[in-house]
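First up is the structure itself, then whatever we jot down about it.
The values are calculated or read from the model by the stated rules, or taken from the named source; none is laboratory data. Small disclaimer: the values here were computed from a predicted structure and weren't measured. So basically every Cβ, Gly included, is an ideal-geometry build from the backbone, and we count neighbours across all protein chains shown. To get the accessible areas, we keep the full protein, side chains included, count just its heavy atoms, and leave off ligands, DNA and RNA. Shrake-Rupley method; radii C 1.70, N 1.55, O 1.52, S 1.80 Å.
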Amino acid sequence: MKLFPHQVEALEWIKGKDKVILALDMGLGKTAIASQTIEEGERVLIICPASLKLNWLKELKVWSNAKKFKVIKKKTEELPKGPGVVIVNYDLLGKKVKKRAQPNYDFKDFDRVIVDEAHALKNPTSVRSKIGGKIIKLTPKAILLSGTPMERPVDLYVPLFSMGAIEDSYPSFGMKYCDAKRVYLGAREVWQYRGATNTEELKERIKPYMLRMLKEDVIDLPKKIIKVVGLDLPLSRQEKSYSLSAIIKDPRPIGFEGLAELLHEQAIKKLPLAIKHIKMRLEQEEKIFIVARHTDVIDTLAEKLKEYGVLVFDGRCSAEEKDSIEYAFQNESKYRLFLGQITACSTGLTLTAANHVILVEPDWSYSKIAQVIDRTHRIGQKETVTAELLTIADSIDERVLFTTLEKKGYINDLIGL
């Protein structure tokens, strides 16, 4: 197999650098690029989400010069010694013991570490960030991969500090680049770092360490269209107890009591209309990628649409099953619907057999919406990709989705991420 020109360009950029961030759009082949950097005789650690371990193994066998591979499946296994590639997921890095992060393994003596979906290290207090950050710091060569734009500058702190790109303390970084504000959590006053300040200066500091490539700049992909579809269904609960202005300002379910339950109830209520909408689209589309969040919603969709050949891809599937499900959808005409749980199917999948995506339960984060849509809008796609976000007309959900889409690119415009 041959690398694309932009992948060759990325490899040239990496040469001579010890620790870098590859911030390439989803679908541009970051895995292949990182695999190509592995030299024969190196001892390499790959850290990734559990769902991507077998995908990494497959890609390494195609693109890398390594001869030995080991996928760690449980924490009781020992890390192999000597040259070769060890693949471990974030959850196996370690655990919290007496409020301290304790690694499950001795992660010393690796020549190179590759960290996939590196935005998973954005919380400096988490076990994975503390252990993962220390591994990055101690390993001579490191490549951090992320196709998801960072939602705030503060999300960059752990990766940049671990690489040695910055020496600022967390509070100092927050004060300088994150529009620090004092807020009260109960009776306790704390600093919050949710904004962006001094962005041009931050961009210049990041520039030597990070390569950013956008799909529209490096490959000729078809158009991508995103639509919010308001289904004509009355709300099952009053919204007057929720502050719409507060939700739009900070569109996250956490902190708004009962809101997650409300959205789940809305998902159940809109299912009959969502199913009709999907069936209507199947009259025009050969294959469709459907995305939902809750298990009961997924199960209902699978049952009501089974006549169309449904493949279900969620957290109940083993890694081996997920690999075979992806292959079946891509290669077998009898399977017309790929029904994925939003978290399980947001990374490591290529679903270019479909060019129509329907999000039955859309997320309020644009980066998460983009992640799932880009399972189809990637190298190999020949047709215009259309994504429909199903919501209830005139609901909080619909209005926040419109606001989210209007704000897309916020952090990209500020600091080029």
> Mind checking which residues of region 37-77 are open to solvent by 50 Å² or more (accessible area, probe 1.4 Å) and free of Cβ contacts under 8 Å to residues at least 24 places away in the same chain?
Replying inline: Lys61, Lys68, Phe69, Lys70, Lys73, Lys74, Thr76
> Could we say that Ala34 is buried (at least 16 other Cβ atoms within 10 Å of the Cβ), part of a strand (DSSP E or B) and among the hydrophobic types (A, V, I, L, M, F, W, C) here?
Replying inline: no
> Glu59: in contact with a helix residue (DSSP H, G or I) (Cβ under 6 Å, 6 or more places away or on another chain) and within 27 Å of Gly315 (Cα to Cα), yes or no?
Replying inline: yes
>> Between Ile325, Ile369, which is of a type outside the set (Gly, Ala, Ser), surrounded by 24 or more Cβ atoms within 10 Å (Cβ to Cβ) and not in a loop (DSSP other than H, G, I, E, B)?
In response: Ile369
>> Can you confirm whether Leu351 is open to solvent by less than 10 Å² (accessible area, probe 1.4 Å), more than 21 Å from Lys276 (Cα to Cα), part of a helix (DSSP H, G or I) and aliphatic (A, V, I, L, M)?
In response: no
> Checking Gly132 against (1) part of a loop (DSSP other than H, G, I, E, B); (2) under 20 Å from Phe173 (Cβ atoms), which test does it fail?
Replying inline: (1)
>> Any residue that is of a type outside the set (D, E, K, R), surrounded by fewer than 16 Cβ atoms within 10 Å (Cβ to Cβ), part of a helix (DSSP H, G or I) and modelled with pLDDT of 90 or more - is there at least one of those in region 120-127?
In response: no
> Take the residues of region 1-21 that are in a loop (DSSP other than H, G, I, E, B) and among the basic types (Lys, Arg): which is most open to solvent (accessible area, probe 1.4 Å)?
Replying inline: Lys2
> Can you tell which of Lys334, Lys279 is outside any helix (DSSP H, G or I) and more than 22 Å from the chain's Cα centre (by Cα)?
Replying inline: Lys334
>> Could you check region 92-109 and list, in sequence order, the residues that are open to solvent by 10 Å² or more (accessible area, probe 1.4 Å) and either closer than 20 Å to Leu60 by Cβ or assigned to a loop (DSSP other than H, G, I, E, B) (or both)?
In response: Leu92, Lys98, Lys99, Asn104, Tyr105, Asp106, Phe107, Lys108, Asp109
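Scanning for something part of a loop (DSSP other than H, G, I, E, B), within 29 Å of Gly147 (Cα to Cα) and modelled with pLDDT of 90 or more, does region 209-226 turn up at least one residue?
Yes, because at least one residue in region 209-226 is part of a loop (DSSP other than H, G, I, E, B), within 29 Å of Gly147 (Cα to Cα) and modelled with pLDDT of 90 or more.
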